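Reviewing the structure listed below.
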Amino acid sequence: MTEVGIDAIEIWTGKLKLDLPNTFAPAKGEDPEKYTKGLGLNASSFPDTYEDIVTMGANAAHRLMEHEGLEPEDIGRIDVATESSFDNSKPVSTYIAGCLEEVFEGEFSHANKGERKFACLAGTQSIDDAYNWIKAGRNRGRSALVIATDTALYARNDPGEATQGAGAVAMLISEDPDLVTLSTEQGYGSADETDFLKPNQQFPSVDGKRSVQVYLARMREALEDFESVAGRTHTDDFAYIPFHTPFPGMVRKAALFGYRHMIRDTQREDELAEEIGRQPREEAFEDEAAFEDALREYMDGLKRTDAYQEWYARIVDPTLTISRNVGNWYTGSVHLARASALRTAFEEGRDLSGERLLVGSYGSGAQAEIHAETVQPGWEEKIADLTIDEGIERRYDLSYEEYERVHDVHNHDVESDVDGDVEEFTAPESEFVFDGWGRMGERKYRFVE
């Protein structure tokens, strides 16, 4: 049976940087460690005045196609995942295809184009769609281009403001891929929730505490569902476990819950019992409150054990390196986590060929998906081509006043800056830029050499 998966990846970060401990925290009168240790974030990326979800997605896709030596005729579908779309009818994929046709010979006229929405889960769902399209034999030997692109902005002074970010991840989905193949087994956890939503508004409405609870609950359900078809998971089964990363502090919570689940009724639990006791079993308690208290005490102890800390440092922490410096990219965040892990392995000279990843995606509203991926022999060459480090280094470091200005530029309700002649912070070079408005209110783009 032909294997299908991710053949190549490219990442484009917004070209502006907000330093959280040194710029944001002092302006807010807060302790920098609230961000660096609490949220696990050092900086956020923002789009310059000429950037948006189309330019970032098109620039990531352009670089990917150039690296891979691809032409439009090689692409049979373009799927864009975003929760930052600005049109309720025309998909972002058509804009991005139009941009790419400016720099490549040929057209994408015979490529199927679409836009996916399920909060941050949509990038993974778009990969699933491409996987199914290829497996069904409808691709005619062509590949799919999946692009996750978002500008994750919150209203000013919102508690989520420090987790903002902007960027795009472009992925090539192909037969016999060089990066990772996808498992046929998937697990889902889904429920009708209102933890995070945007009812006809640009900035999200968030129930922060509830959002964490929903994230953890759906991830647990998805893991249990995955195990029902793939078999029991164990802590040493996977080289890395990339999670959806709204901020690294959330992943710390999810990883601890996942570890507890994996060691339950195993020799590892028995070994740790000498140090912290065995996991509480709900049936042993007369009421739920007593069980929850006992479980919290156990989790606090588990988190401090050498066994857990070593596992977390080896399996999960490497997935967070990029996110710590760019913030939340919504649909792209779990794909940043995968790339971060693979880049770490590449830098350490580790041979991952044949090893597996367990990927945990999530979207508010709410649904989690878990599947496994197997790293392929060609992975090192593809990771060597990544340019994300260059993008992170080239960012313009905003003052707080400049941050306020650029936030207003991308706020759809602030008409004075959006409609005016806004000065950019950086100079575009070999990239697509926003170029004003068309006669029907559409956004226009051009390529700057």
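The values are calculated or read from the model by the stated rules, or taken from the named source; none is laboratory data. Quantities reported herein were computed from a predicted structural model and do not represent experimental measurements. A quick note on method: Cβ atoms are made from the backbone with ideal geometry, for glycine too, and the neighbour counts reach across all protein chains shown. For the accessible areas, the whole protein counts, side chains as well, though only heavy atoms, and no ligand, DNA or RNA atoms are used. Shrake-Rupley method; radii C 1.70, N 1.55, O 1.52, S 1.80 Å.
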Go through (1) open to solvent by 20 Å² or more (accessible area, probe 1.4 Å); (2) among the aliphatic types (A, V, I, L, M); (3) under 19 Å from I388 (Cβ atoms) for L64 and report which single condition fails. (1)
Scan segment 298-314 and give yes if some residue there is touching a Ser or Thr at 6+ places or on another chain (Cβ under 9 Å), assigned to a loop (DSSP other than H, G, I, E, B) and either surrounded by fewer than 18 Cβ atoms within 10 Å (Cβ to Cβ) or at pLDDT 95 or above (or both), otherwise no. no
Go through segment 123-169 and give me each residue that's assigned to a helix (DSSP H, G or I), buried (at least 24 other Cβ atoms within 10 Å of the Cβ) and among the small types (G, A, S). G123, S126, A130
Here are some conditions: (1) more than 20 Å from T321 (Cα to Cα); (2) open to solvent by 10 Å² or more (accessible area, probe 1.4 Å); (3) touching a Ser or Thr at 6+ places or on another chain (Cβ under 8 Å). G106 meets all but one. Which one does it not meet? (3)
Out of segment 332-383, which residues are under 19 Å from G165 (Cβ atoms), hydroxyl-bearing (S, T, Y) and in contact with a Ser or Thr (Cβ under 6 Å, 6 or more places away or on another chain)? S333, S340, S361
Considering only segment 315-332, state which residues are part of a helix (DSSP H, G or I) and open to solvent by less than 10 Å² (accessible area, probe 1.4 Å). I315, T319, L320, S323, V326, Y330, T331, G332
So which residues in segment 257-291 are open to solvent by 20 Å² or more (accessible area, probe 1.4 Å) and touching a residue at least 40 places away in the same chain (Cβ under 8 Å)? F257, R260, H261
From the set of residues in segment 384-413 that are among the acidic types (D, E) and closer than 17 Å to A166 by Cα, which is most open to solvent (accessible area, probe 1.4 Å)? E393
Matching entry among S93, S44 (being more than 21 Å from L145 (Cβ to Cβ), open to solvent by less than 30 Å² (accessible area, probe 1.4 Å), polar (S, T, N, Q) and in contact (Cβ under 8 Å) with a residue 12 or more places away in the chain): S44
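Inside segment 333-449, counting only helices (runs of 4 or more DSSP H) that do not spill past its ends, which hold 3 or more residues that are within 29 Å of D128 (Cα to Cα) and of a type in the set (A, V, I, L, M, F, W, C)?
Result: 333-347, 379-384.
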Restricting segment 58-81 to residues that are assigned to a loop (DSSP other than H, G, I, E, B) and touching a residue at least 24 places away in the same chain (Cβ under 8 Å), the residue that is nearest to the chain's Cα centre (by Cα): L70
Please pick out the residue among T36, T55, T2 that is more than 17 Å from D389 (Cα to Cα), touching a residue at least 60 places away in the same chain (Cβ under 8 Å) and open to solvent by 10 Å² or more (accessible area, probe 1.4 Å). T2
So G5 fits all but one of (1) outside any strand (DSSP E or B); (2) at pLDDT 95 or above; (3) not aromatic (F, W, Y); what number is the exception? (1)
Is at least one residue of segment 220-240 open to solvent by 10 Å² or more (accessible area, probe 1.4 Å) and within 17 Å of the chain's Cα centre (by Cα)? no
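Mind telling me which of the residues S89, S84, S109 ends up being assigned to a loop (DSSP other than H, G, I, E, B), more than 26 Å from D413 (Cβ to Cβ) and among the hydroxyl-bearing types (S, T, Y)?
That would be S109, the only listed residue that is assigned to a loop (DSSP other than H, G, I, E, B), more than 26 Å from D413 (Cβ to Cβ) and among the hydroxyl-bearing types (S, T, Y).
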